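The values are calculated or read from the model by the stated rules, or taken from the named source; none is laboratory data. Please read all numbers here as calculations on a predicted model, not as lab measurements. Every residue, glycine as well, gets a Cβ built from its backbone with ideal geometry; the counts of neighbours run over all protein chains shown.
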Amino acid sequence: MRIVEKVLYGLGGLLALMLLFIALCHYNPQLAEQIGGSLAANTEENDGAVPEAGVEGNDGAVPEAGAEGNDGAVPEAGAEGNDGAGLEVSAGVNKGSSTNSDVLVRNTAVTVGELPSAENTKSAGGAYDAENDKLQIPQKVAGLSGYIPVKATGTEITQDKADEIASELSKGQTGENLTFDTEIYPYYGIINDTQKAVYRQIYANANAENKHFAPVQDITANDLKNAFTSVVNDHPELFWVETAYKYKYTPKGSVADITLVFNITANDLDASKAEFEAAAGEITDETYGYYTDYEKEKIAHDTLIGRVKYDANAPMNQSAYSALVYGRTVCAGYARAFQYVLQQLDIPCYYVTGYAGEDHAWNIVKLDDGYYNVDSTWDDTNPNTYDYFNCSDADYASDHVRRDLSIYLPPCNGNKYSGLEVNPSETPSTDTTATRPSTTTQTTATTTQPTTNQSTSNQTGSNQTGSNQTTAANTDSITVMTVRGGGDENYIDNVDDYFNECFAAMIDKDSSTINFDLIITDKKLWDKIYKAYDKGECQEGYIDRYLVEKHKNACSMYVEAVPRTDGSYLLRHRAVIN
């Protein structure tokens, strides 16, 4: 009896303790959370699960692009501490449900060892903290962004389901024989060997219009994202591939399948490609007759922003197609279109992603002395400008910061081609007044006092007192007879006619040096012509037309004005053509 009594007392005491514990948890919820978290941690620690892809001790994983606390970048192959196999990371994931519903897999904490130095790049601090934004975005370009980072949607499946997929799903096009020049396709050179293999596979299947395939190698979700991001960043010509994809993964973290997402242009891809290439060709055609990469780059920049309008609601606005075919896009479309056009001109041009008040995209261009930043979106203002054309990293320090894999693109420290352009609202220099965009065209206009012999002879090439004319060595000099002259009624009496006669005097000649004379009515007209040269109006008046028609690169024009006894002026011209 005493034993039963003791048992009952014990049970009563235990019940009292339980009630007391419940009361404490009710009035102190934090205590309940702490105890629950501790129990859950112990359960997860001992459930026998294999670590998720990318956890410490799992080789071959690299940080996922865009993960918190990580730039999403992998070190360049050959960098110290990296043998191409990836980085060790420590990550936690939201595993979600094991059903077939789409579950977005997100790394909630990623730690990486010391990364290679990204000296002189806009990558300070890795992922940018918008709450501590120190950038200063000019008001006229604020909001001109619109880049959307790559979205990866993952669904966890059982190992049995993964085995079933592996036995039934084809790898499609493996791309194993493909090679990519890393000077043109830099992201391919950044990623490790496993990612390169899947990069080639994604590229090949995209071109084959094959959406669904099994990975060619065992790969983690993080590695897959870096491979996919590298493909879409390197290849603007894949305009039908959305910057999003889906995949299934096992409890061990291995990717079982990959599903690409195509936009509406894939419904008739041949026709879409024809439209795309034709639109790009209209821009590259504008560079005909220009010879240096800088000249071609500038013409492509000017033509693109002249054809495209910023529109946050433009369809397919993450693609080059939206800019080139629709003529409406956001920063991603500008940057990918500029990248594609320069690739067609054999000029290395890279797609850069980062932060500029918002998620943003721009370009890096390689010229003969180094790399330059170009933001054609921010140059497409009213009026258009060159404020963000061919700038160094130092120039961009106050308003652009690179993110993700872009921090491993080359630093921009070229200076030879910075600041050469004049914004339309600014007064051009009078030192070089007849300049075709991106060419070396000089015009010198001088007045010479009349000599004793005031004949209207068409002799040219002589040096009169005060003349700036010079003789070019080893050139074929041609004297063109005066187009107008001999009587007052035939003198040139307006600037437009003067430009037309200059063009007519030059167009049929193929020499490197052309000399010709014209007679104008009086000093008043000469003053107007002088001002036209001084303001650069001669460029549009006849020099541009001549250079385009003759497919020439540059024209240096020297003009000498000689007063005549009847008040008219003899204008002696010497054009040096390159």
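Of all residues in the range 251-274, those that are under 28 Å from GLU156 (Cα atoms) and touching a residue at least 12 places away in the same chain (Cβ under 8 Å) have Cβ atoms under 7 Å from Cβ atoms of residues that are of a type in the set (Lys, Arg) and not in a strand (DSSP E or B), 6 or more apart or on another chain, in THR259/LYS211; LEU260/LYS211; PHE262/LYS211.
Among the conditions (1) in contact with an Asp or Glu (Cβ under 7 Å, 6 or more places away or on another chain); (2) modelled with pLDDT of 95 or more, ALA162 misses just one, which is (1).
Residues are listed down the side, and each one gets a yes or a no for (1) touching a Phe, Trp or Tyr at 6+ places or on another chain (Cβ under 7 Å); (2) closer than 23 Å to TYR188 by Cβ; (3) outside the structural domain of PRO236 (by TED's automatic domain parsing):
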residue: ILE299; (1), (2), (3): yes, no, yes
residue: ILE305; (1), (2), (3): no, no, yes
residue: LYS309; (1), (2), (3): no, no, yes
residue: ALA323; (1), (2), (3): yes, no, yes
residue: GLY357; (1), (2), (3): no, no, yes
residue: ASN363; (1), (2), (3): yes, yes, yes
residue: SER398; (1), (2), (3): no, no, yes
residue: LEU409; (1), (2), (3): yes, yes, yes
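When VAL576, VAL548 are checked against the criterion of being in a strand (DSSP E or B), touching a residue at least 24 places away in the same chain (Cβ under 8 Å) and surrounded by fewer than 23 Cβ atoms within 10 Å (Cβ to Cβ), a single residue qualifies: VAL576.
Restricted to the range 159-177, and to residues that are out of contact with any helix residue (DSSP H, G or I) (no Cβ under 9 Å at 6 or more places or on another chain) and among the polar types (S, T, N, Q), which residue is nearest to PRO215 (Cα to Cα)?
In the first step, residues of the range 159-177 are kept if they are out of contact with any helix residue (DSSP H, G or I) (no Cβ under 9 Å at 6 or more places or on another chain); the result is 159-170.
Filter once more, keeping what is among the polar types (S, T, N, Q): 159, 167, 170.
Numbers: GLN159: 16, SER167: 12, SER170: 9 Å.
Going through the qualifying residues, I end up with SER170.
Go through the residues of the range 517-525 one by one and say whether even a single one is closer than 26 Å to TYR290 by Cα, part of a loop (DSSP other than H, G, I, E, B) and touching a residue at least 40 places away in the same chain (Cβ under 8 Å). Checked against the condition, which is being closer than 26 Å to TYR290 by Cα, part of a loop (DSSP other than H, G, I, E, B) and touching a residue at least 40 places away in the same chain (Cβ under 8 Å), the range 517-525 yields no hits at all.
If you take the residues in the range 517-529 that are over 25 Å from ASN578 (Cα atoms) and surrounded by 16 or more Cβ atoms within 10 Å (Cβ to Cβ), which one is farthest from the chain's Cα centre (by Cα)? Checked the range 517-529; the qualifying residue farthest from the chain's Cα centre (by Cα) is THR521.
Within the range 324-353, the residues that satisfy the criterion of being small (Gly, Ala, Ser) and within 13 Å of HIS301 (Cα to Cα) are ALA335, ALA337. The set of residues in the range 309-330 that are crowded, with 24+ Cβ neighbours inside 10 Å and aliphatic (A, V, I, L, M) comprises ALA320, ALA323, LEU324, VAL330. When you go through (1) within 23 Å of PRO424 (Cα to Cα); (2) part of a helix (DSSP H, G or I) one by one for ASP497, which number turns out not to apply? Only one criterion is unmet by ASP497, namely (1).
Residues that are of a type in the set (A, V, I, L, M, F, W, C) and in contact (Cβ under 8 Å) with a residue 40 or more places away in the chain were ranked within the range 501-516; the one that is surrounded by the fewest Cβ atoms within 10 Å (Cβ to Cβ) is ILE507.
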